[in-house]
Amino acid sequence: MPTFPSTLSKEERIYSKKLIEALFQGGRSRSMSAFPLRVVYMLHETHSEETAVGPRSRFLISVPKRCFKRAVKRNRVKRQVREAYRHHKSIIAEYPVALAFIWLDNRLRSSEDVDARMISLLRRVAERVSATEKARPADQPQTTQDGTTTISETNPSANVVEKEERS
């Protein structure tokens, strides 16, 4: 497992509206909870230039206003979750996954409790993502209904190899 610096760069944060919408619309995304945290995650495509240096995972944190009315408390929770992720991101950093951490509780928790829940969630996500990646078929050519042969299922239009002649 490669080691990554214990910093959070802008490339590790999700700020793209398209990625956020794709994450929360469902379809390819999954979720799991370790109270008081819930994580929504999905595999995403990354560019090789971005991932050559740093981690491939990206994240965002959401603390709803209905949980804490005062911004001071919401900011404290976000800081705790961000620190827990920063310390333990090496568990998930090798996978191209987008993560959204959502706070569920109406009470403040200790940093040790948040750390323990973060470790639990990251390990479970890593297990599921690695199982998903192993279950994917290798990049074998596949023929679609219109006769186009593709290499990958992730983006069939980008990998068109040939078009079969129909008589």
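Can you pull out every residue in region 30-43 that is assigned to a loop (DSSP other than H, G, I, E, B) and open to solvent by less than 20 Å² (accessible area, probe 1.4 Å)?
Within region 30-43, P36 is the sole residue that qualifies.
Determine whether I20 is surrounded by 16 or more Cβ atoms within 10 Å (Cβ to Cβ) and either of a type outside the set (S, T, N, Q) or touching a helix residue (DSSP H, G or I) at 6+ places or on another chain (Cβ under 8 Å) (or both).
Judged against the criteria, I20 is not a match.
For region 86-100, does any single residue satisfy the condition of being in contact with a strand residue (DSSP E or B) (Cβ under 9 Å, 6 or more places away or on another chain), within 15 Å of F35 (Cα to Cα) and of a type in the set (D, E, K, R)?
Kept after step one, since they are in contact with a strand residue (DSSP E or B) (Cβ under 9 Å, 6 or more places away or on another chain), are these residues of region 86-100: 89, 92, 95-100.
Going one step further and asking which of them are within 15 Å of F35 (Cα to Cα), we end up with 100.
Remaining after also requiring of a type in the set (D, E, K, R): none.
No, there is no match, as no residue in region 86-100 is in contact with a strand residue (DSSP E or B) (Cβ under 9 Å, 6 or more places away or on another chain), within 15 Å of F35 (Cα to Cα) and of a type in the set (D, E, K, R).
Being in a loop (DSSP other than H, G, I, E, B), open to solvent by less than 50 Å² (accessible area, probe 1.4 Å) and either among the β-branched types (V, I, T) or modelled with pLDDT under 90 (or both): is that true of T7 here? Walk me through it before giving the result.
On the way: in a loop (DSSP other than H, G, I, E, B): yes; open to solvent by less than 50 Å² (accessible area, probe 1.4 Å): no; either among the β-branched types (V, I, T) or modelled with pLDDT under 90 (or both): yes.
Against the criterion (in a loop (DSSP other than H, G, I, E, B), open to solvent by less than 50 Å² (accessible area, probe 1.4 Å) and either among the β-branched types (V, I, T) or modelled with pLDDT under 90 (or both)), T7 does not qualify.
Have a look at A126, A84 and point out the one that is modelled with pLDDT of 90 or more, over 21 Å from S16 (Cβ atoms), surrounded by 14 or more Cβ atoms within 10 Å (Cβ to Cβ) and more than 15 Å from the chain's Cα centre (by Cα).
Details: A126 fails: more than 15 Å from the chain's Cα centre (by Cα).
Selected residue: A84, the only one of A126, A84 that is modelled with pLDDT of 90 or more, over 21 Å from S16 (Cβ atoms), surrounded by 14 or more Cβ atoms within 10 Å (Cβ to Cβ) and more than 15 Å from the chain's Cα centre (by Cα).
The values are calculated or read from the model by the stated rules, or taken from the named source; none is laboratory data. Everything quoted here is computed from the prediction, not taken from an experiment. Here the Cβ is made from the backbone with ideal geometry for all residues, glycine too, and neighbour counts use every protein chain on show. The area values use the complete protein model at the heavy-atom level, side chains included, leaving out ligands, DNA and RNA. Shrake-Rupley method; radii C 1.70, N 1.55, O 1.52, S 1.80 Å.
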